[in-house]
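The structure under discussion appears below in the form of structure tokens.
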Amino acid sequence: MGHTPKEALENGFANDDVTLTALDPDGVPAGMFGVGQVGNLAYIWWLGTDIVNDHKYDFIKSSRKWTQILTKPYGATFNYVHEENKLAIKWLKFCGANFTRKLDFNNHPFFEFVITSK
């Protein structure tokens, strides 16, 4: 969406209500994720490293739980995923995301998604 991974992480630290780091069993960062607000809407995000591939089962097992933990205080969270990122779309569906519409950012197709607290 027009940001480098470093810029995205810095933006998260500056604006999120909660920003967390997922660590592998050796304490190496596997990714970062967070939640925050833009006006009266809450956003959720995840930025992973290749280490996630080494711990797929643990990641999948934990991710649905954590999306619900982060979403619950807001009732619902949203964000966007690139249309061609099939793996992320599949994972988001597993986490309970509903895809609401297709948008273009910087001439790239994205899907907006919403995760509702259960």
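Each reported figure results from applying straightforward, stated rules to the coordinates on display, with no laboratory input. The model shown is predicted, which means the values in this text are computed figures rather than measured ones. As a convention, Cβ positions derive from the backbone with ideal geometry for all residues, glycine included, and neighbour counts pool all protein chains shown.
Relative contact order, whole percent, for the chain stands at 20, derived from Cα pairs under 8 Å and 6 or more residues apart.
Of the beta bridges in the chain, as assigned by DSSP with both residues counted there, near 95 percent are antiparallel.
Net charge around Lys56, counting only other residues with Cβ within less than 15 Å of its Cβ (Lys, Arg = +1; Asp, Glu = -1)?
Here the charged neighbours net out to -1.
Under the rule a/c < 1.5 gives rounded, and otherwise a/b versus b/c splits prolate from oblate, where does the stretch 30-118 land using the Cα gyration tensor? Judged from the Cα gyration tensor, the stretch 30-118 comes out oblate (a/c at least 1.5, b/c at or above a/b).
Relative to the Cα centre, the charge distribution of the chain, modelled as +1 at Lys and Arg Cβ and -1 at Asp and Glu Cβ, gives a dipole magnitude of about 640 debye. Count Lys and Arg as plus one, Asp and Glu as minus one, and take only other residues whose Cβ is under 14 Å from that of Lys102; the net charge is then -3.
Largest GNM mean-square fluctuation among Val52, Val38, Val18, using the chain with Cα springs under 10 Å: Val38.
Our helix-only sum for the chain, with -39,500 (n - 2.57) per DSSP H run of n ≥ 4 divided by its residues, gives a mean residue ellipticity at 222 nm of -9500 deg cm²/dmol. Of Ala42, Ala30, Ala97, the residue with the greatest mean-square motion in the GNM of the chain, using alpha carbon springs below 10 Å, is Ala30.
Annotation: lysines with alpha-carbon distance below 27 angstrom to Lys72 (same-chain offsets under eight excluded): Lys56, Lys61, Lys86, Lys90, Lys93, Lys102, Lys118.
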